[in-house]
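The values are calculated or read from the model by the stated rules, or taken from the named source; none is laboratory data. Being a predicted model, the structure only gives us computed values, none of them experimental. For neighbour counting, all protein chains shown are included, and Cβ atoms are generated from backbone atoms with ideal geometry for every residue, glycine included. Note: accessible area is taken over every heavy atom of the protein model, side chains too, but ligands, DNA and RNA are not part of it. Shrake-Rupley method; radii C 1.70, N 1.55, O 1.52, S 1.80 Å.
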Amino acid sequence: MSIAVDDEHISTRMRLRARGWDGVTLLILPAVALMLGLFIYPFLYGFWLSFQPKAGSLFANYARFFADPYLYETVAKTLWIAVPVTLLNLLAAIPVAFRVRLMQRQRWLTTLLVLPITLGTVLVAEGLLNYLGPQGWLNRTLMLFGIISSPVKLLHNYWGVFLSLVITGFPFTFLLTLSYVTGIDPALEQAAATLGAKAASRFRHIFLPLLVPGLAITFCLSFVQAFSVFPSAVLLGAPAGPTRVISIAAYQAAFEEYDYSLASAIAMIMGFIQLAIVGGVLALRGLFYRGPAGGGKG
Amino acid sequence: MTNNLNSFKTLRLQGVGRNFGALNVLKDLTLEVRRGEFIALLGPSGCGKSTALNCIAGLLPTTRGSIWLDERRIDTLGAEDRGFGMVFQNYALFPHMTVRQNIGFGLKMRGVAKAEAEPRIDKALATVRLESQAAKLPGQLSGGQQQRVAIARAIVVEPPLVLMDEPLSNLDAKLRLEMRQEIRRIHAGLGSVTLYVTHDQDEALSLADRIVVLRDGEIRQVGTPEDLYARPATLDVADFMGFRNRIAGVVTAQSGATVTLDVGGVALTGMTHGAVVGVGGNAVAAIRPDDMVAVGDGGDGLPAIVEAIEYRGRDYFGQARGPGDSELFFRSGVKLGIGAPVRLGAEPGKVLVFTGSST
């Protein structure tokens, strides 16, 4: 009798193990707890809160957002900054990555590029305030050489935020792009060359199709970063005007109007827009080859 | 632009060399190849054979020398303008293209019209027997099939020169033998030059019309497989041709090509090709394990102690410790015990004697 029970016991364990469940699986529990506590619960709470407006019906917050131009225009303003910045970063990163891929010593360059990421957006914003201001080095130098007669206004407008997002976003975009570019087997390019493909054709027919899936991921990650811009939009932009991005609207709702419900609704809208764009890009990515970018065995 | 290269008579390498920094990996490679020849570049890894191939393909710039197709200098052209076909060691198939697109890529790059390209792709697919796999991606194919796609892709453009960089090294033994025959058949059908890089002497012997043995970036010997197999010019080449036993001795007698050595008190007779060794000089005898036969204790031959023995079908092959602590590899008709004393002998015609003292 007891032997039969033991058999059953073992076979259940074996069956679980065959599906990848064993003692090691328990190690994911802390991560799951962290996800539940710090992401899933606040998200669901915010979602629920957004349907608990201070006044009015269930959808009052959403109705208010899409009725008030001061609120709904933040979506377009944020996109107007985030999309061009992301595209510029990506398009600039590709040629640089193609050059750096051939370099012997990439380390010092990588270190240099990681620096703006580690310094944080606030420090970069402070630096730009000094550098790009009317009395900053850039304007003074340009005026010294007579290239301009009066200082160029690069701060507290669209371009201030744009530049700051390029500076903080480019290294991230570049490092991701570089990892995708170097992941392509160099023998593929050589093979294309021996088959008569010139540099432009090699890029178009070999590199680009193999890079697109990685570039899509890079776009999504860079876009999400740029879309949630807050510090530089306040410090370097015109937070009441052209750079009143959606996170500023959420911030004002929460901490100036103390309307957490509306703030939650804005956060949900923000999340939905990001999700829609990321989802769209990933769906397009699905149309491309996504396997390993190697040339075969070996 | 590449079409006028198609009808050439000879490919000439004139003192081609390549440095990597201060390292001279390829020294003064000079070779003339006639149309229709199958040439194997044979050498151990690091001997510069892949460098030579890449220089000819245009994937690596040469440091010295020139490459000519008849009277046309080609080392100044980029890889894309040479019009050679290349089969890479790891195949380098485009993973995002189907087999058909992979094979058609070269034609597309040459601007061949679709109506002309399609039948040529079909023919190439038929040549490598992959008609049924045309719509698959390379990742869905086995190693041998990928290999054949790589070959089809290189030959569909009917290149004057096909370069192959150890194309069979990733395949299992059985497939390797099959592919050897395929490659030979495809070469015969194309009528162009094939330059085949390998470190496998069997492959070189069975495939090539002529073998070029490279070592330390230099050509050591060029010859037909029969030549190289029977008469390696140097000890290096002999080593590569399977003369695993190298026994140092002192010359005691020489008449014509026949030389007798004294190896630790035992006489060993062999042949020398060319160089006269001179009585009293140091020499090395090279013998294939196949020709080094165990004659049993008390017979005529070098005394040795058996250290290892293994059965390889038909015969036993073993390793023994011989005179002067030398390591000897031999064949035996019977199984010998480890530690057993044995005499190892070889017919004089199978023993090659080279000048020098180092083994």
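Beyond 27 Å, the tail of the calculated P(r) for the stretch A:39-193 holds 52 percent of the Cα pairs. Under a Gaussian network description of chain A, with springs only between Cα atoms under 10 Å, the residue in A:SER247, A:SER149, A:SER164 that fluctuates furthest is A:SER149. Quick check: the distance between the Cα centres of the stretch B:65-116 and the stretch B:302-322, to the nearest angstrom? Going from one Cα centre to the other spans 49 Å.
Against the criterion of solvent-accessible heavy-atom surface with a 1.4 angstrom probe, A:TYR45, A:TYR158 sort, most first, into A:TYR45, A:TYR158.
Where both partners of a DSSP beta bridge lie in the stretch B:115-225, what percent of those bridges are antiparallel, to the nearest 5? Around 50 percent antiparallel, to the nearest 5. Per-residue mean of foreign Cβ neighbours for B:80-92 is 6 (Cβ atoms of other chains, 10 Å radius).
Taking 1.567 mPa s as the viscosity and 4 °C as the temperature, the Stokes-Einstein diffusion coefficient of chain B based on its alpha-carbon Kirkwood radius rounds to 57 µm²/s.
Normalised per residue, the accessible area of the protein assembly as shown is 49 Å², obtained with a 1.4 Å probe and no contribution from ligands, DNA or RNA. Only Lys, Arg, Asp and Glu carry charge here, each on its Cβ (+1 for the first two, -1 for the last two); on that basis chain A has a dipole of about 1060 debye about its Cα centre. How large a share of the accessible area of the protein assembly as shown, in percent, is made up of carbon and sulfur atoms when the probe is 1.4 Å and the other protein chains stay in place? That fraction is 61 percent. Beyond 31 Å in Cα-Cα separation lie the following of the pairs B:LYS114/B:LYS174; B:LYS49/B:LYS136; B:LYS108/B:LYS174; A:LYS198/B:LYS49; B:LYS27/B:LYS350; B:LYS123/B:LYS174: B:LYS114/B:LYS174; B:LYS49/B:LYS136; B:LYS108/B:LYS174; B:LYS27/B:LYS350.
Counting only heavy atoms of the protein chains and using a 1.4 Å probe, A:TRP21 has close to 150 Å² of accessible surface. Excluding same-chain neighbours fewer than eight residues apart, the aspartates and glutamates reachable from A:LYS77 by a Cα-Cα span under 20 Å are A:ASP68. Gyration tensor over the Cα atoms of the stretch B:238-359: the corresponding equivalent ellipsoid has semi-axes (square roots of 5 times the eigenvalues, largest first) of 25, 14, 12 Å.
Taking each residue of A:196-207 in turn, how many C-beta atoms of other protein chains fall within 10 Å of its C-beta, and what is the average?
Mean partner shielding for this stretch: 4.
Compared with the rule-of-thumb size 2.2 N^0.38 Å for a compact globular protein, chain A has a Cα radius of gyration ratio of 1.32. Altogether, the Stokes-Einstein calculation at 4 °C and 1.567 mPa s, with the Kirkwood radius of the stretch B:92-167 over Cα pairs as Rh, returns a diffusion coefficient of 106 µm²/s.
Packing here is the average count of other Cβ atoms within 10 Å per residue, and on that basis the peptides B:30-36, A:90-96, highest first, run A:90-96, B:30-36. Build a GNM of chain B with springs between Cα atoms under 10 Å: which of B:GLN133, B:GLN147, B:GLN201 gets the top mean-square fluctuation? Between B:GLN133, B:GLN147, B:GLN201, it is B:GLN133 that shows the largest mean-square fluctuation.
Shielding by partners for peptide A:179-192, expressed as the average number of C-beta atoms from other protein chains within 10 Å of each residue's C-beta, is 4.
Evaluating kT/(6 pi eta Rh) at 4 °C and 1.567 mPa s, with the Kirkwood radius of the stretch A:8-49 over Cα pairs in the Stokes-Einstein relation, gives 104 µm² s⁻¹.
Note on the protein assembly as shown: helix-only mean residue ellipticity at 222 nm, from DSSP H runs of 4+ residues weighted -39500 (n - 2.57) and normalised by residue number, equals -14000 deg cm²/dmol. A Gaussian network model of chain A, with springs between Cα atoms under 10 Å, assigns the largest mean-square fluctuation among A:PRO53, A:PRO242, A:PRO186 to A:PRO186.
The radius of gyration of the Cα set in the stretch B:165-278, together with its Dmax, comes out at 18.0, 57 angstrom. Its Cα centre serving as origin, the protein assembly as shown has a Cβ charge dipole (Lys and Arg +1, Asp and Glu -1) of approximately 1520 debye.
The ellipsoid that matches the Cα gyration tensor of the stretch A:148-298 has semi-axes, each √(5λ) in whole angstrom, of 40, 21, 11, with the longest given first. Taking Cα centre as origin and charging only the Cβ of basic (Lys, Arg, +1) and acidic (Asp, Glu, -1) residues, the dipole magnitude of the stretch A:143-298 rounds to 660 debye. Put simply, chains B and A cover up around 2200 Å² of each other's accessible surface, both sides summed, when a 1.4 Å probe is used.
The value obtained for the protein assembly as shown, namely the Cα convex hull volume divided by the number of residues, is 296 Å³ per residue.
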